[in-house]
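What follows is a short report on a single structure.
The values are calculated or read from the model by the stated rules, or taken from the named source; none is laboratory data. Predicted, not measured: the structure shown is a model, and the values here were computed from it. Here the Cβ positions follow ideal geometry from the backbone for every residue, glycine too, while neighbour counts run over all protein chains shown.
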Amino acid sequence: MSYSVKVIDHYENPRNVGSFGKEEDGVGTGMVGAPACGDVMKLQIKVNKSGVIEDAKFKTYGCGSAIASSSLVTEWVKGKTVDQALSIKNTEIAEELALPPVKIHCSILAEDAIKAAVADYKKKHGE
Amino acid sequence: MFRPVYLDHNATTPLDPAVLAAMLPWLESRFGNASSRHEYGRQARQAIDEARQRVAAAVQAHPTEVIFTSGGSEANNLFIKGAAACLKPGVVGVSAVEHPCVLKPAGQLERQGWQVRQLAVDGNGRIDTSDYAAALELRPKLLSIMLANNETGVLQDVATLAEAARGRGAWFHTDAVQGLGKLAIDFRSLNAAGVHAMTLSAHKAYGPKGAAALILDKRIELQPLIAGGGHERGLRSGTENVAAIVGFGVAAELAAQRVAEEALRLRALQERLEAGLLAQGAQVFAQAEKRLPNTSYFAFVDIDGETLVGKLDREGFAVASGAACSSANPEPSHVLQAMGVAPEFARGAVRVSLGAGNNESEIDQFINALRATVGRLQGLTALAV
Amino acid sequence: MKLPIYLDYSATTPVDPRVAEKMIPYLVEKFGNPASRSHSFGWEADAAVEQAREQVAALVNADPKEIIWTSGATESNNLAIKGAAHFYAGTKGKHIITVKTEHKAVLDTVREMERQGFEATYLDVQENGLLDLEAFKAAIRPDTVLASVMFVNNEVGVIQPIAELGEICREKGIVFHVDAAQATGKVDIDLQQLKVDLMSFSAHKTYGPKGIGALYVRRKPRIRLEAQMHGGGHERGFRSGTLATHQIVGMGEAFRLAKEEMAEENKRIGALRDKLLKGLQDIEATYVNGDLTHRVAHNLNISFAYVEGESMIMAIKDLAVSSGSACTSASLEPSYVLRALGRDDELAHSSIRFSIGRFTTEEEIDYAIKLLHAKVGKLRELSPLWEMVQEGVDLSTVQWAAH
């Protein structure tokens, strides 16, 4: 398996690894995937009062492409409103990381993680 | 150390120095298993892929048509048994002069209800066309006819034979192990004529023992002979012999590069040799036929071939008394018998097969040694009578 | 220190330089075809082949006449199983016993026999990877013709109770085949003592070249086989095809060295393995696969919980190791061998096979231990599963959002 330079960079130096307290104010948590499928992604967003994602963190159990996809989206969602974050498409992630066809599911999972985190945020904040 | 002059290149050939140089790293630091995913394995996999391309290019085949095996015998067995296992039993046609590693597997098929139809040859060892036409009427499902005979060197017009069989649904195989490096081989045009599979072997063309290939039209379905692990598209399992495969690739490439020039050089040596043989009263089998440029198969009346080659060995010339096979077979050559040569005379057969290392002076030395040896043996025969 | 460090000796071994040295003359001036009966090139090659046959026989205390050359253990396994099952099917029956953790060369061959009308029992192993003798006995039927059990498992290195199995098979008149590809040079094999009828060997797992193997075929009591490759009648008709002299010479020398050096070598390798084991057991949530007592000194198969396999391989690319068996490691399916040991598919972990060999150094083991500590730590830092476990969550109770 050969990885693109960008995948290797995110894998070697993952951005925004870590966790927020789930009950912290403004935090939305998305957990997608299953151990049996080989990938579990946890993406957390921290949204400020004006609805802008000011910070994001992730943890991923999965292959290099899954780690890179989730690392990348933590960078992308920052500074976006929650609704803008929802417009990130898996195809953009796959393209940015030059994922091979067998790894497209990693980008889909990352998109799902954003949706799940936003949904959790909205649920907690009564939207 | 004294080394005899080697005149048995149809049995096996010495390794070309370039082949050895290509192989050595794979016997030393590059030792990975080609199925391993780490760097050692990837290096080996890449080397095999390159060798596959070289072998394919040498015979105008596609790399995906190359199935590596441990030897020509295995490749022939793989085609005959492997193809038969995918078909309902029927007729398998094999020429009467095939190598045992075609004849015996075909014979094995009888136990599964197949019928073996031997294809007769004429007095010069060529497929008898009327017998072949009659055999085709039986609608054989499998046919195997060699490109060049290992004993006599006689060539078959495989493209024309395949053409005749085409449209009747037979799968046509040719054993081309004696052809590589001695003839230009074009699998694409053979394939277009109706040849579906072809056997090549490295050690007959200055490559190593232990590597060979079945070139296979991908439309042909085969059952593997060796199961387990799914190597070679599932057609031949077992850890790849990387060093030998790499050597085969280089040998095949060199063979294709050199064949035009080398065939002319060998042909000139062959003519020189045969002029000397005829002058001594030898009969050269199938002399008038299209033959390999390196092979001369001959006999003297009342001189036993085994005895003659033994004496020649002591004189410093390595020649063969028949096909190089395992059993010290007292039977006269099945090839000569199929050509209608009387068994007593066939027992006298001696094969000289020339190769890259041979030169004119060796031919002259050989002729001289042969004259002296034959003279002595004829003297003994005369005394015995 | 050369990177990547080779710790995959069970996939293949380097050719020992002493072996290569013996091989090269047979690639250069001694190039004759051993089947050539009429000149010294042939005799010289034939003599070398016969000497190698003696060397191979000597390692396993067999008669040289009981050794048949093949292209490798895969071919040997095919020849043994197909050859004996077909020969004895008429008198004994058409039932074959084997084990779920066998090499693909055995499993795929037995599957093919099933397609040809044989019946097969694939025995489970115990959690430690070892075959249960009572389960084996219970599987025997009146029509059982052949049993095939490997000596040493390629993935977890456990040593099956071959002596006991041999006794059972002999008593029941069952042909007993043993795949010993991973055993030569690692465990003592005495075929005068073991009641084994057929045994497969490979050169390239024991510092010999690829492309050559052998099959032991017992003479007393005599075992018959149907040949699988027909032609010139080489190897007394058991296996036709030109013998690759240099490879055979290499296998002979490799096995001679194994006989001479294995006692010492196994001590040294065992010490390195134990060091590696100790170093890795310091990492939390790791467990060894397969029995540690009935095991060759060379193998350590260890699972790291909550670390995904592919990212693990990526993280330790300075180590050439295997995450499955060499033949299946192109795919990322969980290893069928570990599954047979009862390792749950659902359990998130990665399993690495470390196999240590003749040229492994202590420095390399130290490096490996350090690297594993750092990388497992890093991947767990990244792992949401590890975080949950640290928080006391039982992962088996989690409802995962499948995708």
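Of note:
- Taking the criterion of being more than 16 Å from C:Leu319 (Cα to Cα), part of a helix (DSSP H, G or I) and touching a helix residue (DSSP H, G or I) at 6+ places or on another chain (Cβ under 9 Å), the residues of segment C:270-284 that qualify are C:Ala271, C:Lys275, C:Lys278.
- All positions within segment C:317-339 that are more than 9 Å from every other protein chain (Cβ to nearest Cβ), surrounded by 22 or more Cβ atoms within 10 Å (Cβ to Cβ) and at pLDDT 85 or above: C:Val337, C:Leu338
- Residue count for segment A:1-30 under the criterion of being surrounded by 20 or more Cβ atoms within 10 Å (Cβ to Cβ) and either more than 15 Å from the chain's Cα centre (by Cα) or aliphatic (A, V, I, L, M) (or both): the result is 3.
- Only residues that are of a type in the set (Lys, Arg) and either in contact with a strand residue (DSSP E or B) (Cβ under 6 Å, 6 or more places away or on another chain) or surrounded by fewer than 19 Cβ atoms within 10 Å (Cβ to Cβ) (or both) were counted across segment C:43-86, and they come to 2.
- The numbered conditions (1) over 30 Å from B:Leu138 (Cβ atoms); (2) at pLDDT 95 or above are all true for B:Cys86 except (1).
- In segment C:14-42, of all residues being more than 7 Å from every other protein chain (Cβ to nearest Cβ) and in contact with a Ser or Thr (Cβ under 8 Å, 6 or more places away or on another chain), the one that is surrounded by the fewest Cβ atoms within 10 Å (Cβ to Cβ) corresponds to C:Lys30.
- Screening the candidates B:Gln270, B:Gln337, B:Gln378 for the property of being outside any loop (DSSP other than H, G, I, E, B) and crowded, with 17+ Cβ neighbours inside 10 Å yields one hit, B:Gln270.
- Of the residues in segment B:186-194, not one is outside the structural domain of B:Met339 (by TED's automatic domain parsing), in a loop (DSSP other than H, G, I, E, B) and modelled with pLDDT under 95.
- Residue in segment C:385-392 that is modelled with pLDDT under 95 and more than 22 Å from C:Gly309 (Cβ to Cβ) present: yes
- Residue selection: B:Lys141 satisfies the criterion of being within 17 Å of B:Ala193 (Cα to Cα) and among the charged types (D, E, K, R).
- Within segment C:163-177, tally of residues that are more than 16 Å from C:Ala135 (Cβ to Cβ) and aliphatic (A, V, I, L, M): 2
- Residue that is over 21 Å from the mean Cα position of the chain (by Cα), modelled with pLDDT of 95 or more and more than 9 Å from chain B (Cβ to nearest Cβ), where the choices are C:Ile269, C:Ile283: C:Ile283
- Inside segment C:84-111, residues that are of a type outside the set (Ser, Thr, Tyr), within 12 Å of chain B (Cβ to nearest Cβ) and within 20 Å of C:Arg224 (Cα to Cα) make up a count of 3.
- Listed here are the helices (runs of 4 or more DSSP H) enclosed by segment B:1-101 that have at least 1 residues being more than 26 Å from B:Gln223 (Cα to Cα) and out of contact with any Pro (no Cβ under 9 Å at 6 or more places or on another chain): B:17-27, B:39-58.
- Tally of residues being more than 11 Å from the chain's Cα centre (by Cα), of a type in the set (A, V, I, L, M, F, W, C) and part of a strand (DSSP E or B) across segment B:141-154: 3
- Here A:Gly33 meets each of (1) within 14 Å of chain C (Cβ to nearest Cβ); (2) at pLDDT below 95; (3) not in a strand (DSSP E or B) with one exception, condition (3).
- Among the residues of segment C:195-226, those identified as hydrophobic (A, V, I, L, M, F, W, C) and either surrounded by 22 or more Cβ atoms within 10 Å (Cβ to Cβ) or out of contact with any helix residue (DSSP H, G or I) (no Cβ under 7 Å at 6 or more places or on another chain) (or both) are C:Val196, C:Leu198, C:Met199, C:Phe201, C:Ala203, C:Ile212, C:Ala214, C:Leu215, C:Val217, C:Leu225.
- Some residue of segment A:58-65 being more than 9 Å from chain C (Cβ to nearest Cβ) and either of a type outside the set (D, E, K, R) or over 12 Å from A:Ala113 (Cα atoms) (or both): no
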